[in-house]
Amino acid sequence: GFDRNFLTDLRRTGTAHMVAVSGYNVSIIIGILLNTSFLLVSKASILFGFAGLLFYDLLVGFSASVMRATVMGLYIFVAGLFGRQRNFSDALLFSAAFILALSPQSLFDLGFQFSFLAMMAVLYLSPLFEKLFKFLPKEANKAVSATIASQVMILPVSVYSFGQISVVAPLANVLTFITVPAIMALTALGVLAGQVSAQLSGIISIPNFVLLDYFVRVVGFLSSLRWASVSL
């Protein structure tokens, strides 16, 4: 587990979701699979996507938020397999119906609520922020807009649940959002490289350590600000 002080820093900066086992992490896995499976024929692609998602879920456990992202991912893979347009709105609604049909009490699960609100933000609120940040490069604009939109959307539930609002959360998330997918990719690459050469794995771990150190330092600095969060 994490150091108690670090956990406090994560809460004060609104970045706890980035290191938790959540739909956010699964969304990264889906992105990686969607960007690599095009190299395979369609049937192999869907099997590759299924296997990748289920393997990750077995490792981290089937929480409500993880299930949401997984069902969405599988829905999108199947749509691609049958030549249908990848409709993320339909995928989100399908995943909600599927999970609640199996487990109605998931509706009251905080992880489930955060996961769906964050995804709704990416789909419906993020385009509004993209207009505000149109001066940024396209990919940076999308990433920053999605990050801020998610923070805005989950804010009411977060305040109600924790009685605390992080003033620095938008800034903290923008400054660190790129580190998590990079760390996950480098970690996976390091594990694979370790099967071939321990030295190669060690070389790959160097940039990984730099990214981890950067994440911890940014979170620690922003949390140290007296006005970082406000208790309600």
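Mean 1/r over all different Cα pairs, inverted: what Kirkwood radius does the stretch 119-220 give, in Å? Display every interim value, and only then the final one.
Details: mean 1/r = 0.0641 Å⁻¹.
Hydrodynamic radius (Kirkwood, Cα only) of the stretch 119-220 equals 15.6 Å.
Please work out the Cα center distance from the stretch 88-116 to the stretch 117-149, rounded to the nearest Å.
23 Å
Loop only per DSSP, at most 16 neighbouring Cβ atoms within 10 Å: give me the trypsin sites (Lys or Arg not before Pro) in the stretch 94-157, ordered by residue number. It would help to have the intermediate numbers written out before the result.
Values: sites: Lys131, Lys134, Lys138, Lys142; in loops: Lys134.
Here the trypsin sites (Lys or Arg not before Pro) that fit, given the DSSP loop and packing criteria, are Lys134.
How much accessible surface area, in Å² rounded to 10, belongs to the heavy atoms of Ile204 with a 1.4 Å probe?
Here the accessible area works out near 30 Å².
For Phe133 and Phe162 in one chain, what is 0.36 nm times their gap in residues minus the Cα-Cα distance, to one decimal in nm? It would help to have the intermediate numbers written out before the result.
Details: separation 29, 0.36 × 29 = 10.44 nm, distance 3.01 nm.
Taking Phe133 through Phe162 to full extension adds about 7.4 nm, to one decimal.
Can you pull the one-decimal nm distance between simple spin-label points at Phe98 and Leu155, each 7 Å off the Cα toward Cβ?
Here the answer is 3.2 nm between the modelled labels.
So between Ser89 and Thr8, what do we pick up on full extension, going 0.36 nm a residue minus the alpha carbon distance?
Additional length available on full extension: 25.7 nm.
The values are calculated or read from the model by the stated rules, or taken from the named source; none is laboratory data. Nothing here was measured: the structure is a model prediction, and the numbers come from that model. As a convention, Cβ positions derive from the backbone with ideal geometry for all residues, glycine included, and neighbour counts pool all protein chains shown. In case anyone asks, the SASA skips ligands and DNA or RNA and just uses the protein heavy atoms, side chains included. Shrake-Rupley method; radii C 1.70, N 1.55, O 1.52, S 1.80 Å.
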